[in-house]
1. I'd like to check something: does the stretch 75-97 contain any residue that is crowded, with 16+ Cβ neighbours inside 10 Å, of a type in the set (Ser, Thr, Tyr) and modelled with pLDDT of 85 or more?
2. Go through (1) aliphatic (A, V, I, L, M); (2) in a helix (DSSP H, G or I); (3) at pLDDT below 90 for Ala59 and report which single condition fails.
3. Is one or more of the residues making up the stretch 65-74 surrounded by 14 or more Cβ atoms within 10 Å (Cβ to Cβ), assigned to a helix (DSSP H, G or I) and more than 13 Å from the chain's Cα centre (by Cα)?
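The values are calculated or read from the model by the stated rules, or taken from the named source; none is laboratory data. Remember, predicted model here, so these are calculated numbers, not experimental data. Note: ideal-geometry Cβ built from the backbone for every residue, glycine included; neighbour counts use all protein chains shown.
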Amino acid sequence: MPSAALFRATLLVAAVLLGGCDMLGIDSAEKIAAAREADGRAIGGACRHAGRAIEDCYAIYKKADRASVFAGWRDMNDYMRENKIEPVVPQLAAQAAPAQPVAPVLTRPPVAPQTH
């Protein structure tokens, strides 16, 4: 009988320890999926508020889930239309990337055929 009691006690201790995995910082798959969904919605909403097209948003944030980015973009679009909010043009992007001079394209004038 002592072995059965020891087995139950060990099983009870294991259940208590495994039940506290959230305290150890181990995220479940559902928690990770919910965080990715929330991140995607936030990215989409921020892109729409900045006046970016959805395609630009997809190109900038390649790792974000497209469906959640679109859902956030659409939600922000509806909100901005209902409340007549204008997009806010990002200022940091214009300051951070100074315009680089474009190298002139050198073309040769057409050469007339030579006759001898």
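1. Within the stretch 75-97, none of the residues are crowded, with 16+ Cβ neighbours inside 10 Å, of a type in the set (Ser, Thr, Tyr) and modelled with pLDDT of 85 or more.
2. Tallying (1) aliphatic (A, V, I, L, M); (2) in a helix (DSSP H, G or I); (3) at pLDDT below 90, Ala59 fails exactly one: (3).
3. yes
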